[in-house]
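See structure below.
The values are calculated or read from the model by the stated rules, or taken from the named source; none is laboratory data. Remember, it's a predicted structure, so these values are computed and weren't measured experimentally. Glycine gets a Cβ as well: all are built from the backbone with ideal geometry, and neighbour counts include every protein chain shown.
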Amino acid sequence: MASEKFDRYLKLLFDNKPPGDVVKVESMRTSMDRVGGRLPEGVTGTPAVVGGVPGEWISTDDADEASVVLYLHGGGYVAGSVDSHRNLLGHLAQAMGCRVFAADYRLAPEHPFPAGLDDAIAAYRAIVADGVEPSRIAISGDSAGGGLTVATLLALRDAGDELPGAALPISPWIDLQGTGESMVTRADADPMVTPGSLAIIGGMYLGAEGDPTNPLASPIHADMAGLPPMLIHVGDAEVLLDDSVRLAAMVEAAGGEAVLEVWPEMVHVWHSSAGFVPEADQAIARIAEFARPLIGL
């Protein structure tokens, strides 16, 4: 059974569920930034440009400088920022005990695919060039940022870069065509994401000439061989559930390690309610438990 705090959080989400067939990008950006919270006590944010990509270093005073999490925020590739994820980022930095670089990669429709992917790759390479061993880096992200996490790994692998020590996608969106069964079976249960809105913003991300089967835009079409150990978190009550289920199966079929954790009753990126909802705190603690040994912590 979910906690009472989660039940209250869920009611708030349903009370504010967006329409399924209308996307107003500026309104989406404003509302996401407004509800992103603030850094928890003891965590600081320092604006920075890494590899030409603006963002923010999130860390505690005793953070291990030798390990880094590169974080790619969600927001459907059209919204999201450090501000929209500040609470989640702060709790992740606390749990991991290392620096987190939150990348403000370029957004569609002004900057369609592959602009965001190019920025994620540039940030990773700059962190490595600054002296951080790839094996001591984890790449993480939620929703679109979870899909971008996987795409970044694929692009780095194909380019011959040394890959990070761990990957941590949260509720990843890896199928821009929306072919998963959960797009139908979880539509009523999901208070945050609708198939209609995903179709609209997916088109914005791809652009007029974009191909939804390009594996670097929709990793569901990719060869997953050679990727680092991966922990995938997804809620049972979200339309993107099958994206995670299929991702894990594909990684394992390619000989990799993918730990899929489907959290009962949880919704899309419930981690964002850390500090308020116990299930979110537990999920972030679980991410740290998995990732810390893999990146030398």
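Here are the numbers for this structure:
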| item | result |
| --- | --- |
| Looking only at region 1-19, and only at residues there that are assigned to a loop (DSSP other than H, G, I, E, B) and in contact with an Asp or Glu (Cβ under 9 Å, 6 or more places away or on another chain), the one that is surrounded by the fewest Cβ atoms within 10 Å (Cβ to Cβ) | 1 |
| Output for region 180-212, where each listed residue is over 11 Å from residue 238 (Cα atoms) and without any contact (Cβ under 8 Å) to a residue 24 or more places away in the chain | 199, 203, 208, 209, 211 |
| Lone unmet requirement of (1) surrounded by fewer than 23 Cβ atoms within 10 Å (Cβ to Cβ); (2) assigned to a loop (DSSP other than H, G, I, E, B) for residue 250 | (2) |
| Output for region 198-212, where each listed residue is of a type outside the set (A, V, I, L, M, F, W, C) and either assigned to a loop (DSSP other than H, G, I, E, B) or crowded, with 19+ Cβ neighbours inside 10 Å (or both) | 202, 205, 207, 209, 210, 211, 212 |
| Odd one out for residue 284, checked against (1) surrounded by fewer than 17 Cβ atoms within 10 Å (Cβ to Cβ); (2) at pLDDT 95 or above | (1) |
| Residue tally, condition within 20 Å of residue 58 (Cα to Cα) and either in contact with a Leu (Cβ under 7 Å, 6 or more places away or on another chain) or modelled with pLDDT under 95 (or both), over region 113-145 | 12 |
| Pairs where the first residue, in region 79-102, is under 15 Å from residue 47 (Cα atoms) and aromatic (Phe, Trp, Tyr) and the second is at pLDDT 95 or above and outside any strand (DSSP E or B), C-beta under 7 Å, 6+ apart | 101/123; 101/127 |
| Residues satisfying the stated conditions in region 287-296, i.e. surrounded by fewer than 16 Cβ atoms within 10 Å (Cβ to Cβ) and closer than 22 Å to residue 87 by Cβ | 289 |
| All positions within region 23-32 that are β-branched (Val, Ile, Thr) and without any contact (Cβ under 8 Å) to a residue 24 or more places away in the chain | 30 |
| Members of region 33-54 found to be in contact (Cβ under 8 Å) with a residue 24 or more places away in the chain and on the phi < 0 side of the Ramachandran plot, listed by number | 33, 35, 36, 38, 39, 40, 43, 45, 48, 50, 53, 54 |
| Hits in region 230-242 - residues which are crowded, with 19+ Cβ neighbours inside 10 Å and either out of contact with any strand residue (DSSP E or B) (no Cβ under 8 Å at 6 or more places or on another chain) or in a loop (DSSP other than H, G, I, E, B) (or both) | 237, 238, 239, 240, 242 |
| Pick from region 111-162, criterion among the acidic types (Asp, Glu) and crowded, with 19+ Cβ neighbours inside 10 Å, ranking: nearest to the chain's Cα centre (by Cα) | 142 |
